Amino acid sequence: MRSRNSFKLFTETKKDFKNSWQLFKENYKAFISTEFFAFLSFISIEIIMFSLIGLIYYLVPSLSLEDFWFIFPQNFNISFIFRFITIFVALIILFAFLNCQNGLAYDIMSSGEMFAEFKSSFTYFRRYWWQYFVLTILILMGWFLGMIIFDFDHNNMGSPQTITLDAFQIGWLIISFLFFFIWFVTFINTLPSITAQGSLKHSFIENFRILRKNAKRLLTTWGIFFLIFFITPFTVSFITIIFLPSLTSPFLILFLLGLFISFLAIIGFPMLSLIATGIYNNVEFERFKPFPPSE
Amino acid sequence: MASNFNSSIGKSSKIKEEIKITDSSLALIVLHEKKKMILKMLLEKAMTIQDLKKATNLNPGTIKRHLDDLVKNKLVFVAKVKYSDYNIRMKYYRATAKNFIINIKI
């Protein structure tokens, strides 16, 4: 009986990946365009803000660069406004736009047309930009808390050539990864739920309803997702840096980091949205708005 | 689970034997190359946008826009909505008649 249940569980997980991959292949243009636009907007805002610094610095000779960036600026207001706009606004646009991929996944699976267009991202951005931002910050908090648990030695972080990990540190690293994973699984269902329900409160309630009734499926599917998109590239990078120190150079680290981020961005994020929406549509729980959506 | 969600929107009784088009603006819609190609396929059977994409090689966005136009002018309707085994919603479109005859007097 138990083996039959685990077989069913793996069949469902296999279905999550198989269907999401199929849908991603058919709609990759809409997903990649959304990501490209999100990163481009982020970079554009940063460039505009840094150009503004140059201009303000040139026009107001009494200001110094310290007024913009330093920890204890002479002019707190300028520093605060500048930091708020450069970081906060740019991140809102980046995170909100990246999460519009949940809207695209919703269009593909629930609209009946089975395809998504890049321009739909703007509709979802207008509709849910702040909810997507809040939920992304919440999910990413798991990563930051995980890093706090790990408490990486500050001196080691400075120079990659000196990174050495003993068994104790590896243990803490695994615990911090596990913490992020559990945190991620706990809150990830809020994203497809907000797209379908349109209410932050409802999305949290639905999220915990899904979690309570389908914890095993969530752990299996997201466990495999983590294994593919986080643990494997992270392990490969770490092994290269630790066991092949002769190869380690800032360029290699940058290359590995770029490869890791590209892999996660190009395939990982769209797959995440499609899998999360697929699970939301397929699991049984009490919904606020019924599924299928009415005409 | 999926079979519980199978539902029908339009009915086959909605399909007429013949529709005479006497309005010139409607005739222009029917005679539009891509719309005509889509409409011809939907005379035979109900199809999804993905089916039409495979059959016509057109972009799904383009097909959707032409279908919306055809639906707005009551030349096509959503015949049924089905759900795949992964609960993916699939709308099937069908022409409102088996034949369209253009009859315009100038």
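Read-outs: derived from the displayed coordinates by stated rules, not from any lab. Quick caveat, the model's predicted, so the values are computed rather than measured. Backbone-built Cβ (ideal geometry, glycine too); neighbour counts: all protein chains shown.
A few remarks follow.
- Scanning segment B:71-106 for residues that are away from chain A (no Cβ under 14 Å) and either in a helix (DSSP H, G or I) or of a type in the set (Gly, Ala, Ser) (or both) returns B:72, B:95, B:97.
- Entry remark, segment B:11-22: residues being free of Cβ contacts under 8 Å to residues at least 40 places away in the same chain and surrounded by 11 or more Cβ atoms within 10 Å (Cβ to Cβ) number 0 in total.
- Counting only helices (runs of 4 or more DSSP H) wholly contained in segment A:185-295, the ones carrying 2 or more residues that are closer than 23 Å to residue A:35 by Cα, without any contact (Cβ under 8 Å) to a residue 40 or more places away in the chain and away from every other protein chain (no Cβ under 14 Å) occupy A:232-243, A:250-263.
- For segment B:39-60, the set of residues classified as small (Gly, Ala, Ser) and surrounded by 19 or more Cβ atoms within 10 Å (Cβ to Cβ) consists of B:46 only.
- Among the residues making up segment A:94-117, those that are under 19 Å from the mean Cα position of the chain (by Cα) and within 14 Å of chain B (Cβ to nearest Cβ) are A:104, A:105, A:106.
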